[in-house]
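Just below is one structure, and these are the notes that go with it.
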Amino acid sequence: QVQLQESGPGLVNPSETLSLTCAVSGYSISNGYFWGWIRQAPGKGLEWIGSLYHGGSTYSNPSLKSRLTISEDTSKNQFSLKLSSVTAADTAVYYCARHGDISGNYYPFDYWGQGTLVTVSS
Amino acid sequence: DIVMTQSPDSLAVSLGERATIDCKSSQTVLYSSNNKNYLAWYQQRPGQPPKLLIYWASTREAGVPDRFSGSGSGTDFTLTISSLQAEDVAVYYCQQYYTTPWTFGQGTKVEIK
């Protein structure tokens, strides 16, 4: 069973960098699929942030691309999100999720983490 | 970007009755080379992550009750709950995975009347 678990600070100061990690168990992130981040502002809908495919290919939402870094650590079977210059508008529950398939074809998000709330405030 | 628009924003349905949610994409999500619609539906219960219900517009994910069905093609899609159960109270989202940025509808809240 594939499981994902987000971790990171729950409070970030404005203008600083938000950093989260997603630990994956039950599947090797080196073995295909896309590994992505989605966020949900309080009381709002879902926004795809970005994804990576093993080997270094990353895909970013253009609205966040200039502030976004997504990377992988295959030795720990985890991937990470860094979002710089945050503001209150970045306050949200951040989810990590798997999507695509083993060959890199497009499929929807089938496994999700429980999500972690990140608040941007001083 | 492909904009996904759901209607209605919310609906209240009696237990055992049918619930229908529409989703419209601003451009086609039908890939002509394989004749597949890159459209998924999710259910999000309060305090939970979204759960994949349907993909390819009409294929139920394993374990999803058959009262959930999806239909449509091109730009117009529908999620139907044939007989609403108490556990179906949730927000439902459509999502296109045809092209990046992958985008979601704004959500439809389903409640019991």
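What follows is calculated from the coordinates using simple rules that are stated; it is not laboratory data. Keep in mind that this is a model prediction, so the values were computed, not measured. Heads up, the Cβs are rebuilt from the backbone with ideal geometry, glycines too, and the neighbour counts pull from every protein chain shown.
I need to check one value: relative contact order of chain A, counting alpha carbon pairs closer than 8 Å and at least 6 residues apart, in percent.
35 percent.
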Exercise for the section: Any lysines with Cα under 27 Å of the residue A:76 Cα? List them, leaving off those in the same chain fewer than 8 positions away. Expected result: A:65, B:51
Exercise for the section: Calculate how many DSSP beta bridges within the protein assembly as shown are antiparallel, expressed in % of all such bridges and rounded to the nearest 5. Expected result: 90 percent
Exercise for the section: Please sort B:63-69, B:97-103 by packing, taking for each peptide the average over its residues of neighbouring beta carbons within 10 angstrom, highest first. Expected result: B:97-103, B:63-69
Fill in the blank from the handout: Taking max minus min of the Cα coordinates of the range B:1-67 on each principal axis, largest first, gives extents in Å of 41, 27, 25
Practice task
Based solely on C-alpha atoms, express the radius of gyration and the Dmax of chain A in angstrom.
Solution key: 13.6, 43
Completion exercise
Any aspartates and glutamates whose Cα falls less than 17 Å from that of residue A:82, other than same-chain ones fewer than 8 residues away, would be A:6, A:16, A:47, A:72, A:73, A:90
Completion exercise
Taking only the alpha carbons of the range A:2-66, the radius of gyration and the largest Cα-Cα distance, Dmax, both in angstrom, are 13.3, 37
Completion exercise
Between residue B:17 and residue A:23, the two model label points (7 Å from Cα along the beta-carbon direction) sit apart by a distance in nm of 4.7 nm
Fill in the blank from the handout: Ratio for the range A:73-122, C-alpha Rg to 2.2 N^0.38 Å, reads 1.44
Handout entry: Quarter of the Cα convex hull surface for the protein assembly as shown, i.e. its orientation-mean projected area (nm²)
Key = 12.5 nm²
Exercise for the section: Specify whether the C-alpha gyration tensor of the range B:67-112 places it in the rounded, prolate or oblate class, a ≥ b ≥ c being the square roots of the eigenvalues: rounded for a/c under 1.5, otherwise prolate if a/b is larger than b/c and oblate if not. Expected result: oblate
Exercise for the section: Convert 37 °C to kelvin, take the viscosity as 0.692 mPa s, use the Kirkwood radius over C-alpha pairs of the range A:30-84 as Rh, and evaluate the Stokes-Einstein diffusion coefficient in µm²/s, rounded to a whole number. Expected result: 277 µm²/s
Exercise for the section: Could you calculate the contour length gain from residue B:33 to residue B:113, that is, 0.36 nm times the residue separation minus the distance between their Cα atoms, to one decimal place in nm? Expected result: 24.5 nm
Practice task
Write down the Kirkwood hydrodynamic radius of chain B, to one decimal in angstroms, obtained as one divided by the mean of 1/r over all alpha carbon pairs.
Solution key: 13.9 Å
